[in-house]
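For reference, the structure discussed in these notes is given below.
Read-outs: derived from the displayed coordinates by stated rules, not from any lab. Note that the coordinates shown come from a computational prediction; the quantities given were computed from them, not determined experimentally. Note that we place each Cβ from the backbone using ideal geometry, even for glycine, and neighbour counts take in every protein chain shown.
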Amino acid sequence: MRRFSQAHRRQRLAIRHHLARPAVSVEEAAAALVGLHSSDPATVFLSAWARLDGFSVGDLERAMYDDRTLVRIPGMRRTLFVVPTPTAPTIARACTSRYARRERTRLVEMLESQGVAEDGEAWLDGTSAAVSDALREGPATGAQLSRRIPAMAEKLTFGEGKTWGGEIGVSTRVLFVMTAEGLIVRGRPKGTWLSSQYRWEATRPASAGLAREGDSAARRDLLETWLRTFGPATLTDIKWWMGWTIRDSRKAVADSGAVEVGLEQGTGYALADDLEDDEDPGDWVALLPSLDPTVMGWKERDWYLGPHGEALFDRNGNAGPTVWSNGEVIGGWGQTRDGEVVWKLLEDRGSEVGDRIAARAAELTKWLDGTVVTPRFQSPLGAELAG
């Protein structure tokens, strides 16, 4: 059995995640990582900055909103990702379709039980058609759609009798179902690149039909793509990252032809034609944002995170900004109120590493140009640095 040491896994990470060697485009960076996390709108831009020389906000905006070579969709684990448009249908069939059906059923039940409609399916289909028609005339926010389409202004209650219960607009649920079913996508935000108040757009032909039925071929294809960058990985990693059942995870592994390999924490899987050593990329450092796809790429993280999870992740398992050196997390970073990037190391790696981190922090401070990014999921160390 082929064995992979932690050092070899870190070398793979350095090259395949474009941290030691930059990507040539935002499309290449997103494709290498399967997708860039986008639950926090800032993450996708900072993840791209960390992997590209000379990156500008406009580079990513053109790819997402003008050229549509990248598209923002709900994908693995119901998480928002910015993914290459050709990959979106595979992700939809492998991951999104399952919870799209579940969310549709849930919304239909709420519509009928709360008296919004006698036939929830018909109501949802009709409202979805009205939204699609409206968006063919141009992008619109959820608030604008609610003013134009009376049905979208309806309200639903949730958690009745609970301390956490309340009322939400039906538009929130309708737009989520339509997004999961691939009928609409998030377009350019209303505001800066830090905003999450998106304008909605009708799906373009290149990414239409995202919510087809899930199938084992799509899961196989997605796993093969993921293992090229993230392998070797354990079955626990695969199940968690994809959001699959253990049964679907095992079948995808078998269908992909992945082989068992030895890892320091037990058995992992890698593609049969991808067992050779990667070359040593040399010394490198990186400043990665909250929820970056590298730090969130595996469930079992000790081989690159070490003992620092409590300081760098919140209680719900969301990663804050991290400082990396040669494939290991050695600290975290944040910003002062005036926008300066500051950091704290949890491991001393010597003055040369410290100098590289200082230089990289200065580059990021200059690139942000006074913009202060507050992670939506702040880690304890990040909160400490923010003051």
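Here is how the numbers come out for the structure above:
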item	result
Positive-pole candidate from Trp367, Val295, Ile15, dipole of the chain, charges at beta carbon	Val295
Directionally averaged shadow of the range 1-123, computed from the convex hull of its alpha-carbon atoms, nm²	11.3
Scattering curve values for the chain, log₁₀ I(q)/I(0), Debye with Cα scatterers, q = 0.15 Å⁻¹	-1.40
Karplus (6.51, -1.76, 1.60) ³J(HN,Hα), θ = phi - 60°, over the range 219-224, in Hz, Gly and Pro reported as x	5, 4, 5, 5, 5, 4
Magnitude of the charge dipole, the chain, Cβ model with Lys/Arg +1 and Asp/Glu -1, debye to 20	760
Placed amide H near Ala140: partners under 5 Å, 5+ positions off or other chain	Trp200
Trypsin sites (Lys or Arg not before Pro) restricted to the range 307-387 and DSSP loop, no more than 11 other C-beta within 10 Å	Arg315, Arg337
Cβ-defined net charge surrounding Arg148, 13 Å radius [Lys, Arg +1; Asp, Glu -1]	0
Ellipticity estimate at 222 nm from DSSP helix runs (n ≥ 4, -39,500 (n - 2.57)) divided over the chain, nearest 500	-11500 deg cm²/dmol
Long-range amide H partners of Val342 with built H, under 5 Å	Gly334, Gln335, Thr336
